[in-house]
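Notes to accompany the following structure.
No lab work stands behind these numbers, since they all come straight from the coordinates. Quick caveat: nothing in here was measured; it's all calculated off a predicted structure. Virtual Cβ from ideal backbone geometry, glycine too; neighbours counted across all protein chains shown.
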Amino acid sequence: MISQNAIDTLRKVEIGARGLFIDGAQTDAMKGAKLTVTSPIDGRPFASIADGNAVDVDRAVTSARKAFEKGSWSRAAPAFRKKVLTKLAELVEKHVDELAVLGVRDNGTEIGMAYKAEPLSAAGTIRYYAEAIDKIYGEIAPTADNVLGLIHKESLGVVGVIVPWNFPLMIGAWKIAPALAAGNCVVVKPPEIASLTLLLLAELASVAGLPAGVLNVVTGRGAVTGEALGLHMDVDAIAFTGSGPVGRRLLEYSARSNLKRVFLELGGKSPNIVFADAPDLKQAAVVSANGIFRNSGQVCVAGSRLLVQASVYDRFMDELLAATTRLKVGDPLNLTSDVGAVSSAEQLDKNLGFVERATAEGARLVSGGGRILAETGGSYMAPTIFENVTQEMQLAREEVFGPVLGVMRFKTEEEAVRLANSTVYGLASAVWTSNLSTAHRMVRAINAGVVHVNTYGGADITVPLGGVKQSGFGRDKSMHALDKYTDLKTAWISLG
Ligand code: NAD
């Protein structure tokens, strides 16, 4: 883990103006436009990024297509791609401190979490797909003797990657690494408020030996650069993580352009269900508080709906309140902070709007509820808990993407399942119980891409992540993610 001294040195490093990364080099946006980067730690500007437009996206896609056609990456032996990506993983590890602090200055995640979840996890992801890629075979179909049916796995071509600001490097790596490993060329559109680490990743990739044009990064506003990527006629697929409304737009862009395939990882309103026979109520309370409040609740799988069995409700709530009170919110670059800053002033306002409506709708505020540490100039919010939340309330239905927890009580397993599934989302969930049968029944009954049992979060790269219903489709992570970035080609060969 990084030391406080190292953090304090790195937090002062001048960042200056960062360009786009196209065709293996930094470059200005065609119009020379820039966006100011403000840190949510203190509300002060500390860098600028290029404000790209459709012409810049076209430059990046053209470079990616040229690189793809050239074949020095796409047709290279998988063992070569493995070597370069392994080198990239090593470089990310070598720059782990720099990447971690840069990312925290950009989006405010507490360093303890950011360090592991961003650069270290990205390095692990890149290494995982690097190691995998020369171990995947095509297939020979079971046919009659007079033919040979071969099934080739081919790369798609140019893949667009669009990611959100909560964990841009980790989520970016979940898409970039398998796409590159499978031989594609990539154009990344980072989130406008947290672009810096992905720009540095592209530079490190170049140092690692990735040929020019294979990985490009176009920064800028989503409605401009993201739309241009989504509508581009020469992009073969878009891998997206972000909000539902933008996901819907990407499907429209695809329909209006070249029918590119679109993979969506969207939001959630994940139920965290505590049965009376949870193995350790205190432990469940501590993990549940972390499961909603770390990174100020800006975690797609955050357990934002807590369902507690009535017979242990009061005991559990006492433990939860104690665990929440112990969380220290503060400067995300201080190693003693458990929770950092909300990513932007706009996101903080949005969170406070949810608090206002929950109160107006009759939910009972039992912890937090407002902005704190305003004197720092940064965007900080107290971990917030509402009780007496009902299914009709906005807090039960809509994703806050902030440190706001809604609590409900239930009596029976059937009621818990009904409440858990009463949502348009289906990303993650958790069940706390000592009963193996209850656990397995709940795993089957909950409509979600992930069901945790007696824990919350922490799943590693070996297992898929993604949702059902309006949480999207397609899976990041694990060997299954490679399917999104490869196509099957049949060779049907007559043997005479
Ligand atoms: P967002 O949808 O506003 O933005 C995501 C990305 O899309 C950004 O890079 C943005 O610039 C870009 N974008 C914005 N408008 C666009 C447009 N018109 N066309 C193309 N691209 C556009 O989401 P956000 O606020 O950055 O992130 C929060 C959301 O992401 C939450 O809903 C959260 O649940 C979700 N999320 C999901 C997962 C998951 O794995 N399922 C993980 C993290 C975050």
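The table for this structure:
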quantity: Relative contact order (percent, whole number), the stretch 406-462, Cα cutoff 8 Å, 6+ residue spacing; calculated: 36 percent
quantity: Packing rank of 134-147, 18-31, where each peptide gets the mean count of other beta carbons within 10 Å, highest leading; calculated: 18-31, 134-147
quantity: Gyration tensor verdict on the chain (Cα atoms; rounded if a/c is under 1.5, prolate if a/b is larger than b/c, oblate otherwise); calculated: oblate
quantity: Relative contact order for the chain, counting Cα pairs under 8 Å that sit 6 or more residues apart, in percent; calculated: 18 percent
quantity: Overall Cα dimensions of the stretch 5-81 - principal axes, largest extent first, Å; calculated: 47, 35, 17
quantity: Neighbour-count order for Val342, Val13, Val301, Val450, fewest beta carbons within 10 angstrom listed first; calculated: Val13, Val450, Val301, Val342
quantity: Environment charge of Thr27, counting only residues whose C-beta is closer than 10 Å and scoring Lys/Arg +1, Asp/Glu -1; calculated: -2
quantity: Dipole axis of the chain (+1 Lys, Arg; -1 Asp, Glu on Cβ), positive-most option in Met170, Thr390, Ser494; calculated: Ser494
quantity: For Asp349, Asp476, Asp487, Asp56, order by how many other beta-carbon atoms lie within 10 Å, fewest first; calculated: Asp349, Asp487, Asp476, Asp56
quantity: Cross-link pairs Lys70/Lys260; Lys82/Lys135; Lys83/Lys135; Lys82/Lys175; Lys83/Lys260; Lys116/Lys469 - those with Cα-Cα distance over 19 Å; calculated: Lys70/Lys260; Lys83/Lys260; Lys116/Lys469
quantity: Vicinal HN-Hα couplings computed from phi for the stretch 63-73 (Karplus, 6.51 cos²θ - 1.76 cosθ + 1.60; Hz; Gly/Pro x); calculated: 5, 5, 5, 4, 5, 4, 5, 4, x, 5, 10
quantity: Average projected area [Cα convex hull, the stretch 4-138], square nanometres; calculated: 10.0 nm²
quantity: Alpha-carbon spread of the stretch 98-257, three principal axes, descending order, Å; calculated: 64, 37, 29
quantity: Ranked by how many other beta carbons lie within 10 Å on average, peptides 119-126, 386-393, 209-216, 36-43 from highest; calculated: 119-126, 209-216, 36-43, 386-393
quantity: Given charges at beta-carbon only (K, R positive; D, E negative), |dipole| of the stretch 354-436 in Debye; calculated: 100 debye
quantity: Gyration tensor over alpha-carbon atoms, the stretch 97-156, equivalent ellipsoid semi-axes in Å; calculated: 45, 10, 8
quantity: Sum of side-chain charges, Gln470 neighbourhood, beta-carbon under 12 Å (Lys, Arg +1; Asp, Glu -1); calculated: +1
quantity: Cβ-based net charge around Thr86, under 10 Å, with every Lys or Arg adding one and every Asp or Glu removing one; calculated: +3
quantity: Largest-first ellipsoid semi-axes for the stretch 348-439, taking √(5λ) over the Cα gyration tensor eigenvalues, angstrom; calculated: 29, 15, 12
quantity: About the Cα centre, charge dipole magnitude for the stretch 412-496 (Lys/Arg +1, Asp/Glu -1 at Cβ), debye; calculated: 160 debye
quantity: Binned Cα-Cα distance frequencies in the stretch 60-187 - 10 Å width, integer %; calculated: 13, 34, 30, 15, 5, 2, 0
quantity: Top positive-direction residue, dipole computed over the stretch 260-347 with Cβ charges, set Val262, Leu306, Thr324; calculated: Val262
quantity: J(HN,Hα) series, the stretch 50-57, from Karplus relation 6.51 cos²θ - 1.76 cosθ + 1.60, nearest Hz, glycine and proline x; calculated: 5, 9, x, 9, 4, 5, 5, 4
quantity: Estimated dipole of the chain in Debye, rounded to 20 [Cβ of Lys and Arg +1, of Asp and Glu -1, Cα centre]; calculated: 640 debye
